[in-house]
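Below: one structure, written as structure tokens.
The values are calculated or read from the model by the stated rules, or taken from the named source; none is laboratory data. These figures come from a predicted structure and were not determined experimentally. Neighbour counts run over all protein chains shown; Cβ positions are idealised from the backbone, glycine included. Only protein heavy atoms, including side chains, enter the accessible area calculation; ligands, DNA and RNA are left aside. Shrake-Rupley method; radii C 1.70, N 1.55, O 1.52, S 1.80 Å.
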Amino acid sequence: NPTSGKILLNGKNIVGLGERYRNLLGYLPQHFGYYPDFSSFDFLLYVSALKGLDEKAARKKSKELLEAVDLSKESKHKIKTFSGGMKQRLGIAQALLNRPKLLICDEPTSALDPVGRKEILDILLAIREQTTVLFSTHILSDVERICTDVAFLNNGVVGVQGKLSDIKTRYRSEEYQLETGNDTDMLILQQTFPNMQQIGRNQLVFCEGDYTVFDILRFIAGKHIALLKLERAEPTLESLFMEVVEK
């Protein structure tokens with residue numbers, strides 16, 4: 001039982017209401033527990049029984065989910081032979097057995113290699129069309145790839161929350177990055193616009209407060225400078241998170 005506070009699901013406080021609302025949830029913990037000598041299919045039947053599902057419906061749903069998470073060919077294999085990514089895919093399958101309205105995942109990709117991470121993220125992308133997915137992670141590139149809404153937590157307090165696109169717009173940088181085709185053109189720009197800073201080979205950055213984009217483009221066109229790229233520097237989630245923490 002919570003020491004304080006409340007949990008709202010579909011606008012209702014579910015604290016103390018038990019199974020009725022628990023049945024609306026699916027859960028994948030960071031360290032997913034399983035029986036190593038079970039096959040993946042038998043394990044899903046076991047979890048289905050724990051969730052009170054009808055056996056006939058459980059068999060049908062288990063086959064569907066193993067197909068969805070690309071484990072149908074391994075349905076009779078023992079779980080102890082699975083890779084980390086396969087175990088996480090099975091973990092997502094068991095969390096979806098009861099067709100939850102809300103799927104909660106705790107660090108679902110933290111211990112996986114790049115291939116395993118991509119597999120899990122692809123599954124989460126697919127199932128978010130059917131259910132709300134809430135997951136915690138410190139891998140911010142995963143958030144940028146699949147999330148529509150985010151919340152930054154700092155010492156247990158929500159610092160920033162909202163649509164990912166809105167947050168990026170709110171914290172949009174005033175910096176622009178450009179890249180020239182050669183060193184000579186880069187030096188010409190630096191001499192004419194001394195507040196430009198070099199950040200890489202033939203790459204410069206400048207603030208909108210120092211020079212307007214139109215002034216830069218007019219000069220580049222007049223001098224026939226080979227311009228490879230000019231773009232506004234989009235804030236990364238990492239930079240946004242650090243800004244929230246530092247406040």
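Table for the structure above
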{"item": "Residue, farthest from residue 88 (Cα to Cα), within segment 16-64, restricted to residues that are polar (S, T, N, Q) and in a loop (DSSP other than H, G, I, E, B)", "result": "23"}
{"item": "Top-ranked residue in segment 237-246 [being out of contact with any strand residue (DSSP E or B) (no Cβ under 7 Å at 6 or more places or on another chain) and over 14 Å from residue 170 (Cβ atoms); ranked as modelled with the lowest pLDDT]", "result": "246"}
{"item": "Qualifying positions in segment 36-63 - surrounded by 13 or more Cβ atoms within 10 Å (Cβ to Cβ) and either touching a strand residue (DSSP E or B) at 6+ places or on another chain (Cβ under 8 Å) or of a type in the set (Asp, Glu) (or both)", "result": "38, 39, 42"}
{"item": "Pick from segment 165-186, criterion without any contact (Cβ under 8 Å) to a residue 60 or more places away in the chain and assigned to a helix (DSSP H, G or I), ranking: most open to solvent (accessible area, probe 1.4 Å)", "result": "170"}
{"item": "Top-ranked residue of segment 187-233 - restricted to ones that are closer than 23 Å to residue 171 by Cβ, assigned to a strand (DSSP E or B) and aliphatic (A, V, I, L, M), ranked as most open to solvent (accessible area, probe 1.4 Å)", "result": "199"}
{"item": "Extreme residue, farthest from residue 120 (Cα to Cα), among residues of segment 16-35 that are of a type outside the set (Phe, Trp, Tyr) and open to solvent by less than 60 Å² (accessible area, probe 1.4 Å)", "result": "18"}
{"item": "Residues (assigned to a helix (DSSP H, G or I), open to solvent by less than 80 Å² (accessible area, probe 1.4 Å) and closer than 18 Å to residue 126 by Cα) located in segment 65-86", "result": "65, 66, 68, 72, 85, 86"}
